[in-house]
Amino acid sequence: MTAAAWQVYKFGGSSLADAQCFRRVRDLIVRSTSGEKLAVVVSAMGGMTDGLIQLAASAERGSFSPEEQLVALADRYEAAAGALLDPTPRQQVLAAWHADCADIKDLLQAVHLLGSAPQRTNDIIAGYGEIWSSRLLAAVLTQDAPERQVSWVDARDIVIVSQNRLGPSVRWQASEERLAQADNIHRCDIAVVTGFIASDEEGLQTTLGRNGSDHSAAIFAALLQAQALTIWTDVPGVLSGDPRRIPEAQVIAQLSYNEAMELAYFGAKVIHPQTMGPAVRKDIPIYIKSTFAPDAPGTCVSTDAGSEEQIKGITSISDVAVVNVEGAGMIGVPGTAHRIFRALREAEISVTLISQASSEHSVCFVVGRDVAMHARDVVVAAFDSEMRRGQIHNVSVQDDCSIVAVVGDRMSGTPGVAGQFLHTLGQAGINIIALAQGSSERNISVVVPSADATRAIRAVHGSFYLSAKTLSIGIVGPGNVGGELIAQIRHEAGRLAEQFNLDLRVRALKTSRKMLLGAPRIEADDWRAALDQSDETPDLAAFIDHVDADHLPHAVIIDCTASDAIADQYPTWLARGIHIITPNKRAFSGDPERYALMKQNAKIGGSRYFYETTVGAALPIVQTLQDLRETGDRVRSVQGIFSGTLAYLFNVYDGEVAFSSIVRQAAEAGYTEPDPRDDLSGMDVARKLVILARELDYDVTLDDVALESLVPPELEDVSIAEFLDGMSRVDDAMQARLVAAREQGRVLRYLGEITETGTLHVRLTEVANDSAFAGLALTDNMVRISSDRYSNNPLVIQGPGAGPEVTAAGVFADLLRLSSQLGNRR
């Protein structure tokens, strides 16, 4: 009969923090496959090892009160045992614990008398935490899972190690012989094993150092030739970045051993490379899972990562410094690097990263910040004669740096990864001090100022790990148009994510009085109520900083206001790399210097701006002009009805009802702006005409528009009520113009026109009855474009040119157009 296969579980201190955690661990163990044998390696209860080490340190310092100092540890352990065990097993566990405490007190007394704690004594004291937690867990399983045969296993009886400069080294043959003799393991279903502790070749207790329980688990997995090793911890797996610094960090489903080692070296929260060694030797897959979310898939570390991602993770090391050695005398001289690093080795200074110019003029290396000046002095001493002769010019230290590294097996041989990495840092405004890439191409590392480290890893993570089409969106002025836009985005979000990997995140809303911020997005279904109840100060700078988050690859501001003050911010936002979409006409028809600065700063920031809805809501007027010109056509003239309100007034006006009465009726029906003069002045049409003229490269302003206003001068500054009452004074003149037009077979229409010579007109015009402008629906806009290609039969664009739904749809279309142009960059 084939022996049952072994699985190895390891539980860390956070998984065994209290009685509730022990129960959770018990349930995980009990539900494991009954046909498999399970070795459970445990750490001490969270904080217990530190407490024991502190006891020894206090005794060494002379502040010796073992009874008082043990009481906190006793309270935790006794509380857990009391909550978990029935009286008889509890009494047995606590009796063993009190016996251990008596031994600890004797050891502490010896340390106190000697005034020194030998390493072996520290090892013995520190190792009790694992003994206690494993005994308690074994007792709980024996009591609560009587159908399973449970054994408590003291790792000191099996694992033999020798200590050397590189740490503990397992004596595999001796350990295998000990395992073969350990009947308590072979006859059980579940072996609960002490982590962290082992025996040396003399049979005395030692430890495996920090992360020692993980190492113990890997050792037992190798000794037992286990099918798998599962590390149960308080995180859902290995993350693509530090979640405290990268809110968008994601669990990495699969890692190769090499990738995991690289990430661990550069500070990622993953098992230590030494820990993995025994499992790697036996090709045992390692699973990293959360005790608190056991059904989540976690991370699998194995020989082959088995996935297509080029970059698996982004990590960093802080508190480092760069030491730079420069000198013309180094060029072509063999052994210079050897002398530098031999001197550092002799001084026992560890080097984290090395970078050398191909000219051999300079060598820089990275060390811990706390030893940087000592490293500098060591190198200066080693090259004393060369420095006095001027062959070595300078040995300098750049302090307060961090290393940012990207890791992934599939970077090897893939063009463009390093370029994207460096381009992303450049776009984020990060200065690179040094760069290193191993020949395996599994790791690319850069040194950056510590102040920029978080921004750097967020930008890089967004570039590589998020969808290139993740947009952080802020909406200024979420009124009728903005509100309709939010509804349209939410309605289409699922389809866009599924079909196009497009992640549109509305993360900030702002009015003049209120502001609402959300992370990762504004989730509230009733966002209007959430905005109204928000206590956020409506600070535009804070709003922009939230939208332009370092950890997201793209930021876009959608301005649904008509504010000139908001338009004034466009150049600054564009220079910062923030994209802009807007129906606000002010920026594109106002100050020509601001307009020119927008174009200039968009190039500086690598940003884009879209403003289709400034002219015809959802009608593709601006885009059509751009397409015509980019394909080589020459636009000769543009003529059109650009105001739905004025189109309505002159479609309805037939002379039977006075013009002033039609204006009043339209205002009461909501067909005009709240102040009808905003429509009747023709200024809105003039702004649209200037926008189109500038699109055709005419250098014009509003002052260049020949504008016919339908508002009598004497009514420009009166109240709205007085204006409506006073409009009757234009009725006779308007009636006369209508009659004159009819006599010539024409109708009145309010048109804007850009002539072939660049002249701009906005005026009430007589058009033929068979003209396309004469047969419009009530509020439609119509634009007629004459060009070299469309000369005999001009291009006509017609449809609704106003209203919240169509304007929001136009803004949404611009947003989709922007997303289609974005790639993996900030």
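The values are calculated or read from the model by the stated rules, or taken from the named source; none is laboratory data. Everything numeric in this text was worked out from a predicted model, so none of it was measured. Heads up, the Cβs are rebuilt from the backbone with ideal geometry, glycines too, and the neighbour counts pull from every protein chain shown. We work out accessible area using only protein heavy atoms, side chains counted, and drop any ligands, DNA or RNA first. Shrake-Rupley method; radii C 1.70, N 1.55, O 1.52, S 1.80 Å.
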Next item on the list: Determine whether segment 309-316 contains at least one residue that is within 18 Å of L263 (Cα to Cα), modelled with pLDDT of 85 or more and over 28 Å from the mean Cα position of the chain (by Cα).
Entry: no
Check: Do we find that I641 is farther than 21 Å from G590 by Cβ and in contact with a Lys or Arg (Cβ under 8 Å, 6 or more places away or on another chain) in this structure?
Finding: yes
Note to self: Scan segment 798-808 and tell me whether some residue there is without any contact (Cβ under 8 Å) to a residue 12 or more places away in the chain and either touching a strand residue (DSSP E or B) at 6+ places or on another chain (Cβ under 9 Å) or more than 24 Å from V635 (Cα to Cα) (or both).
What the structure shows: no
Check: For segment 317-345, which residues satisfy the criterion of being of a type in the set (G, A, S), within 33 Å of the chain's Cα centre (by Cα) and open to solvent by 20 Å² or more (accessible area, probe 1.4 Å)?
Finding: S318
Next item on the list: Go through segment 559-572 and give me each residue that's in a helix (DSSP H, G or I), among the hydrophobic types (A, V, I, L, M, F, W, C) and open to solvent by 10 Å² or more (accessible area, probe 1.4 Å).
Entry: A565, I566
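Which of the residues that make up segment 772-782 are over 18 Å from D679 (Cβ atoms) and either open to solvent by less than 40 Å² (accessible area, probe 1.4 Å) or in a loop (DSSP other than H, G, I, E, B) (or both)?
A774
Right, L818: in a strand (DSSP E or B) and either crowded, with 17+ Cβ neighbours inside 10 Å or of a type in the set (V, I, T) (or both) or not? Steps first, answer last, please.
Values: in a strand (DSSP E or B): no; either crowded, with 17+ Cβ neighbours inside 10 Å or of a type in the set (V, I, T) (or both): yes.
The answer is no for L818.
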Notebook entry, point to check: What tally of residues in segment 580-616 results from selecting those that are among the polar types (S, T, N, Q) and part of a helix (DSSP H, G or I)?
Noted result: 5
Check: What's the number of the condition L619 fails, among (1) assigned to a loop (DSSP other than H, G, I, E, B); (2) touching a strand residue (DSSP E or B) at 6+ places or on another chain (Cβ under 7 Å); (3) without any contact (Cβ under 8 Å) to a residue 60 or more places away in the chain?
Finding: (3)
Check: Among all residue pairs at least 6 apart or on different chains, which show Cβ distances below 8 Å where the first residue, located in segment 781-797, is more than 28 Å from Y648 (Cα to Cα) and the second is part of a strand (DSSP E or B) and among the β-branched types (V, I, T)?
Finding: S787/V635
Check: With segment 670-770 as the region, which helices (runs of 4 or more DSSP H) entirely inside it contain at least 2 residues that are closer than 19 Å to S786 by Cα, open to solvent by less than 80 Å² (accessible area, probe 1.4 Å) and touching a helix residue (DSSP H, G or I) at 6+ places or on another chain (Cβ under 6 Å)?
Finding: 683-695
Check: Mind checking which residues of segment 527-555 are assigned to a helix (DSSP H, G or I), open to solvent by 20 Å² or more (accessible area, probe 1.4 Å) and closer than 20 Å to T424 by Cα?
Finding: D545, H546
Item checked: Among (1) in contact with an Asp or Glu (Cβ under 9 Å, 6 or more places away or on another chain); (2) in a strand (DSSP E or B); (3) crowded, with 18+ Cβ neighbours inside 10 Å, the one test that V366 misses -> (1)
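Based on what the data block shows, is F610 open to solvent by less than 50 Å² (accessible area, probe 1.4 Å), over 30 Å from A721 (Cβ atoms) and in contact with an Asp or Glu (Cβ under 7 Å, 6 or more places away or on another chain)? Before the answer, list the steps.
Details: open to solvent by less than 50 Å² (accessible area, probe 1.4 Å): yes; over 30 Å from A721 (Cβ atoms): yes; in contact with an Asp or Glu (Cβ under 7 Å, 6 or more places away or on another chain): yes.
Yes: the conditions hold for F610.
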Notebook entry, point to check: Within the bounds of segment 534-545, is there any residue that is closer than 20 Å to L822 by Cα, within 16 Å of the chain's Cα centre (by Cα) and among the acidic types (D, E)?
Noted result: no
Notebook entry, point to check: Cβ-Cβ below 9 Å, separation at least six or inter-chain, first residue in segment 317-345 and of a type outside the set (S, T, Y), second in a loop (DSSP other than H, G, I, E, B) and exposed (fewer than 13 other Cβ atoms within 10 Å of the Cβ): which pairs?
Noted result: G327/G390; A328/G390; G329/R389; G329/G390; I331/S359; L344/S350
Next item on the list: Confirm whether E668 is farther than 23 Å from T614 by Cα, free of Cβ contacts under 8 Å to residues at least 40 places away in the same chain and not hydroxyl-bearing (S, T, Y).
Entry: yes
Check: Looking at (1) modelled with pLDDT under 95; (2) open to solvent by less than 10 Å² (accessible area, probe 1.4 Å); (3) in contact with a Leu (Cβ under 8 Å, 6 or more places away or on another chain), which is the one condition that is false for A617?
Finding: (3)
Next item on the list: Determine whether segment 370-388 contains at least one residue that is modelled with pLDDT under 90, in a strand (DSSP E or B), open to solvent by less than 60 Å² (accessible area, probe 1.4 Å) and touching a helix residue (DSSP H, G or I) at 6+ places or on another chain (Cβ under 7 Å).
Entry: no
Margin query: Among the residues of segment 447-485, what is the count of those that are among the polar types (S, T, N, Q), buried (at least 24 other Cβ atoms within 10 Å of the Cβ) and at pLDDT below 85?
Written below: 1
Notebook entry, point to check: Regarding I444, is this residue more than 30 Å from G368 (Cα to Cα), at pLDDT 85 or above and over 19 Å from the mean Cα position of the chain (by Cα)?
Noted result: no
Notebook entry, point to check: Do you know which residues across segment 183-206 are in a loop (DSSP other than H, G, I, E, B) and either touching a residue at least 12 places away in the same chain (Cβ under 8 Å) or surrounded by 16 or more Cβ atoms within 10 Å (Cβ to Cβ) (or both)?
Noted result: R187, C188, D189, G195, F196, D200, E201, L204
Check: Among the candidates I403, I430, I349, I392, which residue alone is closer than 23 Å to G313 by Cβ, in a loop (DSSP other than H, G, I, E, B) and open to solvent by less than 40 Å² (accessible area, probe 1.4 Å)?
Finding: I430
Notebook entry, point to check: Looking at segment 637-656, which of its residues are open to solvent by 60 Å² or more (accessible area, probe 1.4 Å) and either aromatic (F, W, Y) or at pLDDT 95 or above (or both)?
Noted result: none
